[in-house]
């Protein structure tokens, strides 16, 4: 903090309390010097333009631990003045500024809506045809740099903008689905149900702003989409169980024809409890449970139990992360309803409609 009584003509100093000796050494490489009054503090006389470059360097060079536990302030108080020490009482963790600098691209993505989507096909493992697509958010900033889904989520979490990102991605996703859906539906016979689109939603975002989610539902209707074409994928399912209002909202939407999937189930007692209590239309089994299931007996037993329980409740099951012929064939033989993974098809910007070659998959295993 720069106190208003400090003359603005005084030099601007960035004062840092380094977390450890390595941080102090790293800062010395770009010109930081020990503060005469308190040698444990280091300072750099800078300009506003240089300040941005300095914070960028810190965000890229210092460790996350160092950024979290080092503290900083900006001051125009003279270096030999006790007023500078008073200024430092308002010091903040370095991470409060470096994270904003590190993820400045994310703010640009949100403001300019530089999001786009890749669509990963979901296959019927019995018949081999595409039954749906998971919509996976991606971004490209003005400088042309590409950002994947995990990078977007990490940035949203770091800047505490997860709900804003979730709302923006969902709104744009529905707009794009409305653009591609007519051609997709036209390519299917009258007696064949066209593929659905799986849209990721965080229940906590619905909990904090249910109107935003209801606006998305209204958007589906206004754009001429059928509710049956949309499957909302939910994580953090414990939120649903412990919030009757949220559970009631989803129950009403299901009655209108919208479908819900529970994502990332891993085959443990908690997972069983969640999907049995919520009873979604579909559960997606996490890739960590699926990977290696073609050879690992324990995973086979867990999958068999989950599949049987789900089917008894009328819930369909999707295996995520199918990559090897052995895993694919085991899930098919077990009776898994649907499959998704790099071994079946990669996410692409264009909708893929090519069915699986089931004979080739069976012989490869």
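The values are calculated or read from the model by the stated rules, or taken from the named source; none is laboratory data. Given the structure is predicted, the values throughout are model-derived calculations rather than measurements. Cβ sites come from the backbone with ideal geometry, for glycine too, and all protein chains shown count toward neighbours.
Looking across segment 192-221, the residues that are modelled with pLDDT of 90 or more and out of contact with any helix residue (DSSP H, G or I) (no Cβ under 9 Å at 6 or more places or on another chain) come down to 198, 218. Go through (1) free of Cβ contacts under 8 Å to residues at least 40 places away in the same chain; (2) assigned by TED's automatic domain parsing to the domain that holds residue 136; (3) buried (at least 19 other Cβ atoms within 10 Å of the Cβ) for residue 114 and report which single condition fails. Only one criterion is unmet by residue 114, namely (3).
Okay, residues lined up against (1) over 25 Å from residue 360 (Cα atoms); (2) at pLDDT 90 or above; (3) assigned to a helix (DSSP H, G or I):
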residue	(1), (2), (3)
245	yes, no, yes
273	yes, no, yes
292	no, yes, no
298	yes, yes, yes
301	yes, yes, yes
318	no, yes, no
322	no, yes, no
326	no, yes, yes
332	no, yes, yes
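Taken together, the residues in segment 141-158 that are in a strand (DSSP E or B) and surrounded by 15 or more Cβ atoms within 10 Å (Cβ to Cβ) amount to 1. Only one entry in 163, 138 is in a helix (DSSP H, G or I) and either out of contact with any helix residue (DSSP H, G or I) (no Cβ under 9 Å at 6 or more places or on another chain) or surrounded by 16 or more Cβ atoms within 10 Å (Cβ to Cβ) (or both), namely 163.
Could you list, in sequence order, all residues of segment 303-316 that are surrounded by 11 or more Cβ atoms within 10 Å (Cβ to Cβ) and part of a helix (DSSP H, G or I)?
303, 304, 305, 306, 307, 308, 309, 310, 311
Among the numbered criteria (1) under 34 Å from the mean Cα position of the chain (by Cα); (2) touching a residue at least 40 places away in the same chain (Cβ under 8 Å), which one does residue 61 miss? Of everything listed in (1) under 34 Å from the mean Cα position of the chain (by Cα); (2) touching a residue at least 40 places away in the same chain (Cβ under 8 Å), residue 61 misses just condition (2). The test for being touching a strand residue (DSSP E or B) at 6+ places or on another chain (Cβ under 9 Å) and modelled with pLDDT of 90 or more does not hold for residue 181. The C-beta contact set for segment 207-225 (first residue more than 18 Å from residue 197 (Cα to Cα), second residue in a loop (DSSP other than H, G, I, E, B), distance under 8 angstrom, 6+ apart or interchain) comprises 207/243.
For segment 31-51, what are the residues that are under 35 Å from the mean Cα position of the chain (by Cα) and surrounded by fewer than 13 Cβ atoms within 10 Å (Cβ to Cβ)?
Scanning segment 31-51 gives 48, 49.
Within segment 334-351, restricting attention to residues that are under 19 Å from residue 117 (Cβ atoms) and surrounded by 15 or more Cβ atoms within 10 Å (Cβ to Cβ), the residue that is modelled with the lowest pLDDT is 351.
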